[in-house]
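The values are calculated or read from the model by the stated rules, or taken from the named source; none is laboratory data. As the structure is a computational prediction, the values presented were derived from the model and not from experiment. Reconstructed Cβ throughout: ideal geometry from the backbone, glycine too, with neighbour counts over all protein chains shown.
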Amino acid sequence: MDDQHPQSLGKAFLTGLVLLLPLFIIAIAIYWLFRVVTGLTSPITGIITNMTGIPDLAGHALVLVSVLGLILLIGIFARTTIGGWLHPRIEMYFQRVTPGYRMLREMVQHLFGDRDSPFAHGSVALVQLYGPNVPITVTGIVTSRHDDGVCTVFVPTGPNPTSGFIYHVPAELIQQRPDVRVDEAIRTIIACGMGTGTVFRGAPPTQLTPADTSPRGD
């Protein structure tokens with residue numbers, strides 16, 4: 001009993017740590033982001049506080065709300081007819097003059113589930129990368145299907161699913177999992193495989209055939 005008591009205390013401590021550590025990390029991230037934004041907007045905040053006499057914290061809050069409102073207005077304008085015409089032209093300009101802009105934009109699209117992201121339109125599959133005679137599969141997302149029966153598959157790496165490898169795989173080596181959502185598969189990749197048994201325990205995979213790929217060449 002004496003040996004079990006320290007073990008139970010250790011498990012209880014680890015349980016509490018697991019519960020609180022994510023919240024602590026999120027709080028640190030929010031505080032860091034607040035410090036960065038307030039540091040960038042401090043000149044404007046100084047002008048506002050000097051003119052109105054309000055406390056610095058209230059000035060920072062006012063500037064942050066203004067920045068969020070500006071982002072919202074830009075997003076609303078981008079959805080209008082004129083904004084839809086200007087948006088691709090502005091993006092092309094930034095891609096020419098700003099190195100790495102396109103890569104960062106695509107990463108943001110992946111993370112926030114943009115409708116143009118391959119994550120949004122892809123389908124989850126188990127891929128036999130090493131051939132039909134090797135009982136090893138990897139979690140992949142089918143992002144394109146070719147007329148010749150080959151599929152393009154993105155295999156994310158953990159714990160950052162925005163990086164990974166692109167393979168062109170014959171359809172017979174792909175086992176579709178329509179019962180698994182893309183976001184569910186991505187969560188298991190972020191967790192380095194934890195929870196995969198629960199996510200993939202549903203219906204058996206459906207073997208993809210070349211006939212399934214022919215109507216969807218892109």
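Looking across the stretch 152-193, the residues that are polar (S, T, N, Q) and in contact with a strand residue (DSSP E or B) (Cβ under 8 Å, 6 or more places away or on another chain) come down to Thr152, Thr157, Thr162, Ser163, Gln175, Gln176, Thr188.
For Leu21, indicate whether it is under 30 Å from Gly84 (Cα atoms), surrounded by 10 or more Cβ atoms within 10 Å (Cβ to Cβ) and out of contact with any Lys or Arg (no Cβ under 7 Å at 6 or more places or on another chain).
no
Take the conditions (1) modelled with pLDDT of 80 or more; (2) more than 30 Å from Asp179 (Cβ to Cβ); Thr38 misses just one of them, which is (1). The helices (runs of 4 or more DSSP H) falling completely within the stretch 1-109 that include 2 or more residues that are of a type in the set (Val, Ile, Thr) and closer than 23 Å to Thr162 by Cβ map to 4-40.
One residue stands out in the stretch 119-177 among those that are farther than 22 Å from Met194 by Cα and of a type in the set (S, T, N, Q): the one that is surrounded by the fewest Cβ atoms within 10 Å (Cβ to Cβ), namely Asn133. In this structure, is Gly131 modelled with pLDDT of 85 or more and assigned to a strand (DSSP E or B)? No, not satisfied. Every condition in (1) in a helix (DSSP H, G or I); (2) buried (at least 21 other Cβ atoms within 10 Å of the Cβ) holds for Glu184 except the one numbered (2). Selection over the stretch 187-196 of residues that are within 15 Å of Ile141 (Cα to Cα) and surrounded by fewer than 16 Cβ atoms within 10 Å (Cβ to Cβ) gives a count of 2. Assessment of the stretch 39-62 against the conditions (at positive phi and out of contact with any Cys (no Cβ under 6 Å at 6 or more places or on another chain)) yields at least one matching residue. For first residues located in the stretch 34-51 and farther than 11 Å from Val63 by Cβ and without any contact (Cβ under 8 Å) to a residue 60 or more places away in the chain, partners that are part of a helix (DSSP H, G or I) and among the aromatic types (Phe, Trp, Tyr) and lie 6+ apart or on another chain with Cβ distances below 8 Å do not occur. What do you reckon, is Val199 in contact with an Asp or Glu (Cβ under 8 Å, 6 or more places away or on another chain), surrounded by 12 or more Cβ atoms within 10 Å (Cβ to Cβ) and modelled with pLDDT of 85 or more? It is true that Val199 is in contact with an Asp or Glu (Cβ under 8 Å, 6 or more places away or on another chain), surrounded by 12 or more Cβ atoms within 10 Å (Cβ to Cβ) and modelled with pLDDT of 85 or more.
For the stretch 162-177, the candidate set comprises residues that are outside any helix (DSSP H, G or I) and of a type in the set (Gly, Ala, Ser); within that set, the residue that is nearest to the chain's Cα centre (by Cα) is Ser163.
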